[in-house]
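**Student:** Before I ask anything, here is the structure I am working with.
A short reminder: the numbers here are calculations on the coordinates, not readings from a lab. Since the structure is predicted, the reported quantities are computational estimates derived from the model, not experimental observations. So basically every Cβ, Gly included, is an ideal-geometry build from the backbone, and we count neighbours across all protein chains shown.
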Amino acid sequence: MIQLESVGFVYDGQEGPALDGVSFASGPGRLVCATGAECSGKTTLFRLLNGTAPRVFPGTFSGSIRVDGSDPTERGHAEIGAIITSVFDDPDSQIISLTVEEEVAFALVQRGLEFDEIARRVSDALARVGLAGFERRHTASLSGGQKQRLVMASAVALRPRILLVDEGTSALDPEGARRFFSIVDDMRARDGTTAVVIERDLDLMLEFADEILVFARGRLAFRGSPAEACQKPSLLRDAGLRLPAWLELADELRERGLLEGSLPSSEAEAVAAIGELVPAGAAR
């Protein structure tokens, strides 16, 4: 579904590469989280996958990239839009309609779907993101979290083969961010959507991702499962990520020689491992 081999990209006017020798592949229904510090290369990855680099963001591309069988850097906007849906961090930049149902229906109308099919998809999408009953609400009256869910409803209704998300939780509170990831998770489980999500919240990545990509200075510093990422706390810190409190504590205990073996890969595992260190009856 998505395959990159030795991909590099240098923006016009810049000396160093934004991406340098990046390779990875992902199949249908996978949720891949890309992360790293500012200017690490993750946003350039997003732009290459949706074809805006080098079309909108000029530069020199090298290597090989295939999304659904072809190179997105060579596709037109309409061709890309037929298989890829992009979601950004600012919902106001994507919402163009006056009412909620008009917003979700807009792209479906552009694709020429029948009225009954559009109505079914709008109703289904709003229910899946928790906005059922909001059909006639004015989009300007929605809260920030509701607007981001509306953007996701539009994505759900399109049933894209590939979903790209650029820091979609950055303006959301913890509850809203978790709901957002739950929607993405539902899309890959129910619709077979492949998702590549740029994210900084390691808690969410460890909970929802199938695979984590950590970028540093344009290169892929780590690629692996959430469980494997938990064994690399120093690498994650060096990449500018904040470790979950449970992983930070477990790593500290291991450094002190109090915790043996592999680090836990979830909060539940951490609680169990740390609990074993507490003498019986100490909590009384």
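**Student:** Just the projected area, averaged over all directions, of the convex hull on the alpha carbon atoms of the stretch 89-172: how many nm²? Intermediate values should be presented prior to the final figure.
**Tutor:** On the way: hull surface 20.9 nm².
Dividing the Cα hull surface by four gives the mean projection, 5.2 nm².
**Student:** Rounded to the nearest 500, what is the chain's calculated 222 nm mean residue ellipticity when only DSSP H runs of at least 4 contribute -39500 (n - 2.57) each, over all residues? Working shown, then result.
**Tutor:** Working: 12 runs with 112 residues, N = 284.
Only helices count here, giving -11500 deg cm²/dmol.
**Student:** Taking the Cα atoms only, what angle lies between the long axis of helix 115-128 and the longest principal axis of the chain, rounded to 10 degrees?
**Tutor:** 20 degrees
**Student:** Take Q3 and I96, extend 7 Å from each Cα along the Cα→Cβ direction, and tell me the distance between the two endpoints in nm.
**Tutor:** 3.4 nm
**Student:** When each pair of different Cα atoms in the stretch 152-284 is counted once in the 1/r mean, what is the Kirkwood radius in angstroms, to one decimal?
**Tutor:** Numbers: mean 1/r = 0.0605 Å⁻¹.
Kirkwood radius, the stretch 152-284: 16.5 Å.
**Student:** Tabulate in residue order the Karplus-calculated ³J(HN,Hα) for the stretch 134-146, using 6.51 cos²θ - 1.76 cosθ + 1.60 with θ = phi - 60°, rounded to whole Hz; enter x for Gly and Pro.
**Tutor:** 3J(HN,Hα) across the stretch 134-146, in whole Hz: 9, 3, 9, 5, 6, 4, 5, 8, 7, 6, x, x, 5.
**Student:** Follow-up question, since we're still on this one. Among E199, E175, E207, determine the one that fluctuates most according to a GNM of the chain built with springs between C-alpha atoms less than 10 Å apart.
**Tutor:** E175
**Student:** Whole-Hz ³J(HN,Hα) for each residue in the stretch 44-59, computed from phi via Karplus 6.51 cos²θ - 1.76 cosθ + 1.60 with θ = phi - 60°, x for glycine and proline: what do you get?
**Tutor:** 5, 4, 4, 5, 5, 5, 9, x, 6, 10, x, 5, 9, 10, x, x
**Student:** Counting other Cβ atoms within 10 Å, which GluC sites (Glu not before Pro) in the stretch 218-261 have at most 10 and lie in a DSSP loop? Show your work: numbers first, answer last.
**Tutor:** Working: sites: E228, E248, E252, E255, E260; in loops: E260.
Sites meeting the loop and neighbour criteria: E260.
**Student:** Give me the log10 of I(q) over I(0) for the chain at q = 0.12 Å⁻¹, as the Debye formula computes it from C-alpha points; what are the numbers?
**Tutor:** -0.80
**Student:** Long-range amide H contacts for L19: which residues qualify at under 5 Å (H placed 1.01 Å from N, peptide plane, sequence gap of 5 or more or a different chain)?
**Tutor:** Answer set, sorted by chain and number: F9.
**Student:** Please list, in chain and number order, the residues 5+ apart from S86 or on another chain whose amide H is under 5 Å from its amide H, with Hs placed from the backbone.
**Tutor:** The list, which skips near neighbours in sequence, is L164.
**Student:** Let me ask something else about it. Can you work out the Karplus-derived ³J(HN,Hα) for every residue in the stretch 204-212? Use 6.51 cos²θ - 1.76 cosθ + 1.60 with θ = phi - 60°, whole Hz, and x for glycine or proline.
**Tutor:** 5, 4, 5, 7, 10, 6, 7, 8, 10
**Student:** For the pair S170/R219, report the inter-label distance in nm, with labels modelled 7 Å from Cα in the Cβ direction.
**Tutor:** 2.6 nm
**Student:** Give, in nm to one decimal, the length gained when the segment between E207 and A245 is fully stretched (0.36 nm per residue of separation minus the Cα-Cα distance).
**Tutor:** Working: separation 38, 0.36 × 38 = 13.68 nm, distance 1.41 nm.
Between E207 and A245, full extension yields an extra 12.3 nm.
**Student:** Do you know the relative contact order of the chain, to the nearest whole percent, from alpha carbon pairs under 8 angstrom that are 6+ apart? If you can, show how the numbers build up before the last one.
**Tutor:** Details: 503 pairs, mean separation 62.8, N = 284.
22 percent.
**Student:** Just in the stretch 73-148: which GluC sites (Glu not before Pro) are loop by DSSP and have at most 13 other Cβ atoms within 10 Å?
**Tutor:** Values: sites: E74, E79, E101, E102, E103, E114, E117, E135; in loops: E114, E135.
The qualifying sites are E114.
**Student:** I need the calculated FRET efficiency for the pair E135 and H77, taking r as the beta carbon distance and R₀ as 45 Å, to the nearest 0.05.
**Tutor:** Working: r = 29 Å, r/R0 = 0.64.
For E135 and H77, the calculated efficiency is 0.95.
**Student:** Restricting to bridges with both residues inside the chain, how much of the DSSP beta-bridge set is antiparallel, in percent to the nearest 5? If you can, show how the numbers build up before the last one.
**Tutor:** On the way: 20 of 38 bridges.
Looking only at bridges with both residues in the chain, the antiparallel portion is about 55 percent.
**Student:** I would also like to ask the following. Most fluctuating residue of A272, A107, A216 in a GNM of the chain with Cα springs under 10 Å: which is it?
**Tutor:** A272
**Student:** Using square roots of five times the C-alpha gyration tensor eigenvalues, list the equivalent-ellipsoid semi-axes of the stretch 47-119 in whole Å, biggest first.
**Tutor:** Equivalent-ellipsoid dimensions as semi-axes: 28, 16, 8 Å.
**Student:** Run the quick spin-label model on L258 and C39: label points 7 Å from Cα toward the beta carbon, then report their separation in nm to one decimal.
**Tutor:** In this crude label model, L258 to C39 measures out at 3.9 nm.
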